[in-house]
Amino acid sequence: MPVIRRRPWALPNSAATPEAVFLDRRRLLAGGAVLAAGAFLPTAAPAQRIGDVPDPSAGLYPARRNPAYALDRPVTDEAVNLNYNNFYEFGPSKSIARAAQALKTRPWTVAIDGMVEAPFEIGIDDLLKRVTLEERLYRHRCVEAWSMAIPWTGFPMAALVALAKPLGSAKYVRMETFKDPTVAPGQRQVWYPWPYVEGLTIAEATNELAFLVTGAYGKPVAKQMGAPLRLAVPWKYGFKSIKSIVRFTFTDQRPRSYWEALQASEYGFWANVNPQVPHPRWSQASERVLGTDERRPTLLFNGYGDQVAHLYQGLDGERLWA
Ligand code: MTE
């Protein structure tokens with residue numbers, strides 16, 4: 001009899017429709033237990049403080065909402081979002097909120113290098129002075145077939161690309177998460193290709209939808225959601241939206257992302273949302289809307305085709321969808 005061993009890093013099929021987890025969480029919410037559990041699980045972003053000091057960026061929130069980015073569904077309850085996260089640096093479960101509080105988000109330096117006029121490093125608070133923050137309501141669709149709707153605050157990634165001044169020969173932006181196994185226990189698991197890496201083409205990175213997130217729910221973004229700087233590319237599966245970024249490298253080589261390095265047959269570079277192209281182990285036709293009883297049909301490009309479909313014309317030989 002064949003013995004099928006799941007490799008330690010592989011997403012279980014159950015992650016695709018995490019019914020037990022989902023139902024347990026619903027029971028928890030229905031019973032008000034999330035609030036009761038507040039003593040040990042964060043139910044709100046740590047009130048604009050970083051450890052023992054006030055968050056120096058707290059005064060920037062809430063930012064003006066940009067009405068161009070509206071939703072077709074209610075915003076996901078903040079408590080749901082704060083307690084259901086993928087952040088493998090802090091463990092493979094969805095319940096990493098408490099572990100993620102170990103992340104120190106100040107000082108936080110972001111490096112900009114590779115094929116740029118002049119590489120430089122910039123502290124997150126100096127970066128915040130160089131951009132204008134706005135709030136956008138975005139859908140967020142995980143490859144595991146669940147979704148949320150989130151009020152992100154941040155700035156267009158195009159503004160960072162403009163600051164970086166890439167050379168004309170650069171074709172991609174490679175992004176990298178911090179690496180510090182002393183605070184992130186998941187990074188002590190040597191079979192994962194740390195640090196977490198993601199990439200976009202320059203055309204994708206400068207598309208109006210590509211958004212660098214510094215806040216959510218009207219305050220600095222919570223650690224478990226990727227503080228102090230993460231990406232939101234809502235037309236792609238959620239794994240493209242890299243958290244806690246420390247480096248942007250401009251390059252002419254297509255970056256090999258974290259999930260691609262783990263399992264290229266299941267997670268590719270483009271990873272655009274398409275309900276008609278199943279994941280090799282589950283359907284992508286519909287999604288569980290976290291925090292509700294609802295299962296909705298998934299939309300092509302997660303509903304953002306008007307803004308992004310043109311980016312993929314003429315790329316017929318590419319595996320654009322997973
Ligand atoms: N970024 C890093 N550094 N580490 C991760 O494990 N998980 C990705 C993405 N960015 C991940 C990451 C995945 S699989 C998803 S679905 C989203 O973050 C989840 O974001 P959320 O927890 O804010 O919903």
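The values are calculated or read from the model by the stated rules, or taken from the named source; none is laboratory data. Computed from a predicted model, the values in this text were never measured in an experiment. Neighbour counts are summed over all protein chains in view; Cβ atoms, including those assigned to glycine, are modelled from backbone coordinates with ideal geometry. Just the protein is used for accessible areas: all its heavy atoms, side chains included, with ligands, DNA and RNA removed. Shrake-Rupley method; radii C 1.70, N 1.55, O 1.52, S 1.80 Å.
Points to keep in mind about this one:
- Length gained when the stretch Gln253-Asp113 is fully extended (0.36 nm per residue, less Cα-Cα span): 49.0 nm
- Annotation note: GluC sites (Glu not before Pro) in segment 173-228 located in DSSP loop regions with a Cβ neighbour count of at most 15 within 10 Å are Glu208.
- Computed label-point distance, nm, for sites Arg319 and Ala58 using a 7 Å Cα→Cβ extension: 4.7
- Compactness of segment 277-322 - radius of gyration and Dmax, Cα, Å: 13.1, 39
- Mean projection area, nm², convex hull over Cα of segment 50-146: 9.2
- Taking 17 Å as the cut-off, the amide N atoms of segment 234-278 that come nearer than this to a point 7 Å along the Cα-to-beta-carbon line of Glu208 belong to 234-235.
- Eigen-decomposition of the gyration tensor built on the alpha-carbon atoms of segment 104-241 gives equivalent ellipsoid semi-axes of 21, 20, 17 angstrom, largest listed first.
- Whole-number D in µm² s⁻¹ for segment 175-269, Kirkwood Cα-pair radius fed into Stokes-Einstein, 20 °C, 1.002 mPa s: 152
- In this calculation the C-beta distance from Ser265 to Val190 is compared with R0 = 30 Å, giving a FRET efficiency of 0.85.
- At 0.692 mPa s and 37 °C, Stokes D of segment 236-322 from Kirkwood alpha-carbon radius, µm² per second: 224
- Each of Arg230, Arg174 has its accessible area taken with a 1.4 Å probe; listed largest first, they run Arg174, Arg230.
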